[in-house]
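Chemist: A single structure is presented below for examination.
All of the numbers you see were taken from the coordinates with simple rules; none came from a lab. The structure presented is a predicted model; accordingly, all values stated were derived computationally and were not measured. With ideal geometry, Cβ positions are generated from the backbone for all residues, glycine too; neighbour counts draw on all protein chains shown.
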Amino acid sequence: MYNRKVVRFLLITHVLAGATALISAFGAISTRKGAARHIFLGRIYSVAMAYVVIGASVISVLRPNPFLFSIALFSGYLVWTGYRRARFKLQELNKVDKNTVIVGKLIVLVLIGYGTFILFNGETLGIVLLVFGITTYIFVREDSNALKLNLYKSKYRIASHLQRMLGGTIATITAVLVQQVVPRIEGTSIPAFIVWLGPTILITPLITYWSRKILTK
């Protein structure tokens, strides 16, 4: 039996960290890349998101919820790799990046495997995990190729940083919507997975636009 006070504390601080991540994310997006303010807000975002991921993982274990645990893994991979691209301007990727790719492959298996399992058991939210699993696979494949070809330099590194951090922002917005919107549509004809995938559908085109803008400079 888990301690209810501990879980309540984790839930409250989890929400506060999520709000901090969102505010700092939008602040960082609105500032010039590489500026002192952008770097400062980016660090706040990274710390807040790290707490969000860790908190979600702990909560989903104390109150068993494999679905939320899977989402936490997805968010964690994006934020960590986004942080690596911004913080470490290395000429060559190192052992940490190699291990990150291995962990990423395991996360892909979890997302796609569990997503397929619950989908076949009539749970439409399995679609969400499959979408996130495919997304993670694309990033992991990109990271794996980067290890061989050393692609993460200059504008490629910046574009990758942007994609990962905004991907983490999508996950944060999604979590907020799930907490506030999904309970209100239960019992209606609106499927929950639409709320889960809404931020992905809306923000992904912006990520594509900004990435192309960076890469064509």
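Chemist: Between region 94-113 and region 158-217, what is the separation of their alpha carbon centroids in Å?
Modeler: If we compute the Cα centre of each part, the gap is 22 Å.
Chemist: Going by C-beta contacts inside 10 Å, put 165, 49 in order with the fewest on the left.
Modeler: On the way: 165 25, 49 29.
So the residues, fewest neighbours to most, are 165, 49.
Chemist: Further question on the same structure: Let me know the number of lysine pairs in the chain closer than 16 Å at the Cα, not counting same-chain pairs under 8 apart.
Modeler: Lysine pairs meeting both conditions in the chain amount to 14.
Chemist: Rounded to two decimals, what ratio of Rg to Rh does region 26-95 give with C-alpha atoms and a Kirkwood Rh? Intermediate results must be reported in sequence, preceding the final value.
Modeler: Details: Rg = 14.6 Å, Rh = 13.6 Å.
We get a ratio of 1.08 for region 26-95.
Chemist: Still on this structure, please answer the following. Taking Kirkwood radius over Cα pairs in Å straight from the coordinates, which label in (1) 16.8; (2) 18.0; (3) 18.7 is the correct one?
Modeler: (2)
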